[in-house]
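J.: Below: one structure in structure tokens.
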Amino acid sequence: MTPSESRRRPFIAGNWKMYKGPAEADALAEALKRTLTGQAQVDVAVAPPFLSIPTVVARLRHSGVHVAGQNLHPEPSGAFTGEISGEMLRQVGVTYCIVGHSERRALFGDTDSFVEKKVHACLRAGLLPILCVGETLDEREAGQADAVVSRQLAAALGKLSSDQLPSVTIAYEPVWAIGTGRVATPAQAQEMHATIRGWLAERYPAFVPRGMRILYGGSVKGSNAAGLLSQPDIDGALVGGASLVAEDFLAIVAAAK
Ligand code: PEP
């Protein structure tokens, strides 16, 4: 059996970005809870803005839907004005945390080495990191997509042991597809997912690439999800815009079943 052939449990995560204050977040969580409580085929997580997290955690209790952070600071506490630590996220019931999202890399100066620190901080705090990697359009057109993604993987994961790696979910998010409506074709996405799994296979024992989930992110919608999710190395989706409307997000979860 090749690493691609074993079916991993699908995982759909919604990144609410800087949308949905507590009242709106509560309403969206309630709508998701109504449909998702008790379903056991797909792992589902939502990542509200920090301020809305306690409300969403309370609303989704006993639903089986996980709550994720969108970011964290690498230190557990300290004089870091405006920041939130992994320990704090854990204390309020968060289980996953997105790390290295391209918006953070491009707009907030998250470098490869800062992203690595955040991955380690997640694991120290007992959070499961969702590591985002992906190339820009210029990098793709220059034929550098594989090199960029490999560099990001090496920087973020290079010092983790085979025992730590399975706690990490990788999200391949080509920057040119995020929030643009321009989605990678299933074949383009599959090609990069296979490259990522191959990168893992070259460095770690077979159980690591076989078990790790690699999500695709970039303009995923109900209408394109099935094609992407049918690919052997695409184990789920990280969803931005379409996670803000319950029925749109639920259509993607349904496509993953
Ligand atoms: C994202 O923000 O991670 C994302 C994939 O956004 P969108 O689905 O809107 O492209």
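The values are calculated or read from the model by the stated rules, or taken from the named source; none is laboratory data. As the structure is a computational prediction, the values presented were derived from the model and not from experiment. FYI the Cβ positions are ideal-geometry reconstructions off the backbone, even for glycines, and counts take in every protein chain you see. Please note that ligands, DNA and RNA were not included when accessible areas were found on the heavy atoms of the full protein model with its side chains. Shrake-Rupley method; radii C 1.70, N 1.55, O 1.52, S 1.80 Å.
J.: Kindly provide the set of residues from the stretch 181-193 that are more than 12 Å from Leu229 (Cα to Cα) and more than 17 Å from the chain's Cα centre (by Cα), ordered by number.
T.: Correct list: Gly181, Arg182, Gln188, Glu191.
J.: Return yes or no: is His62 open to solvent by 10 Å² or more (accessible area, probe 1.4 Å) and farther than 19 Å from Ala237 by Cα?
T.: So His62 passes the test.
J.: Restricting the search to the stretch 166-189, which residues are crowded, with 20+ Cβ neighbours inside 10 Å and away from the ligand (no atom under 16 Å from the Cβ)?
T.: Val168, the sole residue that qualifies.
J.: Every residue in the stretch 8-62 that is in a helix (DSSP H, G or I) and not hydrophobic (A, V, I, L, M, F, W, C), please.
T.: Pro22, Glu24, Asp26, Glu30, Lys33, Arg34, Thr35, Ser52, Pro54, Thr55, Arg59
J.: Then there's this: Mind listing whichever residues of the stretch 38-56 are hydrophobic (A, V, I, L, M, F, W, C) and open to solvent by 20 Å² or more (accessible area, probe 1.4 Å)?
T.: We begin by selecting, within the stretch 38-56, every residue hydrophobic (A, V, I, L, M, F, W, C); these are 40, 42, 44-47, 50-51, 53, 56.
Those that are hydrophobic (A, V, I, L, M, F, W, C) and open to solvent by 20 Å² or more (accessible area, probe 1.4 Å): Ala40, Phe50, Leu51.
J.: Within the stretch 179-196, work out how many residues are more than 19 Å from Glu116 (Cα to Cα) and either in contact with a His (Cβ under 6 Å, 6 or more places away or on another chain) or modelled with pLDDT of 95 or more (or both).
T.: The qualifying residues number 11.
J.: Restricting attention to the stretch 237-249, which residues are open to solvent by 30 Å² or more (accessible area, probe 1.4 Å) and more than 15 Å from the ligand (Cβ to nearest atom)? Steps first, please.
T.: We begin by selecting, within the stretch 237-249, every residue open to solvent by 30 Å² or more (accessible area, probe 1.4 Å); these are 241, 244-245, 247-248.
If the condition is that a residue be open to solvent by 30 Å² or more (accessible area, probe 1.4 Å) and more than 15 Å from the ligand (Cβ to nearest atom), then Glu247 is the only one that fits.
J.: Failed condition for Arg203, given (1) more than 13 Å from the ligand (Cβ to nearest atom); (2) more than 15 Å from the chain's Cα centre (by Cα); (3) in contact (Cβ under 8 Å) with a residue 24 or more places away in the chain, with all others met?
T.: Just one mismatch for Arg203, condition (3).
J.: What is the number of the single condition among (1) under 23 Å from Ser85 (Cβ atoms); (2) within 16 Å of the ligand (Cβ to nearest atom); (3) buried (at least 16 other Cβ atoms within 10 Å of the Cβ) that Ala25 does not meet?
T.: (2)
J.: Can I ask one more? Could you give me the residue pairs with C-beta distances under 7 Å whose first residue belongs to the stretch 214-236 and is away from the ligand (no atom under 11 Å from the Cβ), whose second residue is acidic (Asp, Glu) and modelled with pLDDT under 95 wherever it lies, and which are 6+ apart or on separate chains?
T.: Listed by first residue and then by second, the contacts come to Pro232/Glu5.
J.: May I ask you to list the residues in the stretch 9-22 that are at negative phi and open to solvent by 20 Å² or more (accessible area, probe 1.4 Å)?
T.: Hits for the stretch 9-22 are Arg9, Met18, Tyr19, Gly21, Pro22.
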